Ligand SMILES: [Zn+2]
């Protein structure tokens, strides 16, 4: 080889090495966290549902890893999202309702946006309900945070908004964290055509009356079936909108270097234990939420049955972004850490009128999952139940709580809270919480 050729080769190799270093620095992965409100895991095809509600999410699960035993840390929107945002359980972030006072997320606690912003991520939030708006402290750390100050929005408009942002910012070399919250599956169930008649030709007829009417209709099994049909139709509608989002991410090339994490804040009861909606119990129809992760290096088609929780999402995303996990975080990076003996806690039911300073009375109810054993303790009534979810997944045949699980439940409260949540006041807040059945 001549000296000139050698010289050219050295130049080419130098440029390639430089480009490699440069592109590595520039090309941290984009991360999409998609939270579908009120979506119970067992109503998705990839979690075994017999109805075809979720072909898009089923396909995402086939191209990634599905966590089959993910527990919500709380049974309703505000505290559950706070756990997703912070990697903490409810007793640590203290977000929720106590003494009929609403407490928003403490802006001093590191959250998923503040952590990634520190490593040059553009942080984007598109959320659909006032409960996780600026007013409640959830916008902290986001460069762009689109939320509603009243009521709730719809999936199609939010997906449009996300796609519009990426279209307008095409060429921005910085990595992006995009948090998308879709509220549609939450009541009132009003799926748009043609999804409204997918599972029942009656469509939404009668649903409004059902939601707002008295207990006589609530006890009608046919009405319950109809309500669930509309709930499933909302899932199909949202799944369809996610198909639109994912298609565009693939077409534009964004998906080539992006992680997609899909979860929910909590499930929904349909009278499995005597009531409807969510927020006031800790059974699995409320706590079992989906967690699907897809992206570079994630094993395809894997079903991981490790018990985990929403508070693991922040560590998982921190791992994708190369951010150290703060010491106070209770969750773990499910792809890089193991913790075989951990118990998964849930609390934060909407309490009655509590007058003491005992945090257990604030929270009133707590559950822990230890393997397949699940204990639930109501600190008001002192009702206690222990279930084996392998033998009794529907939680119909409780055992008496034994001393070990009683200890684990009480131990949940033994560490001091991390956050100092702020009081949220405002007429719009109270109206919205009333409309959603929370106050
Ligand atoms: Zn919710």
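Every number here is computed from the coordinates shown, using simple stated rules; none is lab data. Quantities reported herein were computed from a predicted structural model and do not represent experimental measurements. As a convention, Cβ positions derive from the backbone with ideal geometry for all residues, glycine included, and neighbour counts pool all protein chains shown.
What separates the Cα centres of the range 66-127 and the range 146-189 is a distance of 18 Å. Normalised by the number of residues in the range 240-319, the mean separation of alpha-carbon contacts (under 8 Å, six or more apart) gives a relative contact order of 28 percent. The spread of Cα positions in the range 50-94, taken along each principal axis and listed from longest to shortest, comes to 37, 20, 16 Å.
Of the peptides 182-192, 69-79, how do they stack up when ordered by the mean number of other Cβ atoms within 10 Å, highest first? Intermediate values should be presented prior to the final figure.
Working: 182-192: 22.5, 69-79: 27.9.
Order by mean packing, descending: 69-79, 182-192.
Using only the Cα atoms of the range 248-294, construct the convex hull and provide its projected area averaged over every direction, in square nanometres to one decimal. Walk me through the intermediate numbers first.
On the way: hull surface 17.0 nm².
Hull-based average projected area comes out at 4.3 nm².
The modelled label-to-label distance for the pair residue 380/residue 100, using points 7 Å beyond Cα in the direction of Cβ, is 1.4 nm. Computed on the Cα trace of the range 215-301, the radius of gyration divided by the Kirkwood hydrodynamic radius gives Rg/Rh = 1.11.
For the range 29-340, which semi-axes, largest first and in whole Å, follow from the square roots of 5 times the eigenvalues of its Cα gyration tensor? Don't skip to the end; give the middle numbers.
Working: eigenvalues 172, 97, 75 Å².
Values for the range 29-340, descending: 29, 22, 19 Å.
Protection proxy ranking for 92-98, 295-301, 403-409, using the average of other Cβ atoms within 10 Å per residue and placing the highest first: 92-98, 403-409, 295-301.
Of the peptides 411-423, 304-316, 240-252, how do they stack up when ordered by the mean number of other Cβ atoms within 10 Å, highest first?
Numbers: 411-423: 15.1, 304-316: 23.2, 240-252: 16.7.
Put in order of decreasing packing, that is 304-316, 240-252, 411-423.
Size descriptor for the range 273-427, Kirkwood hydrodynamic radius: 17.6 Å (Cα pairs only, one decimal).
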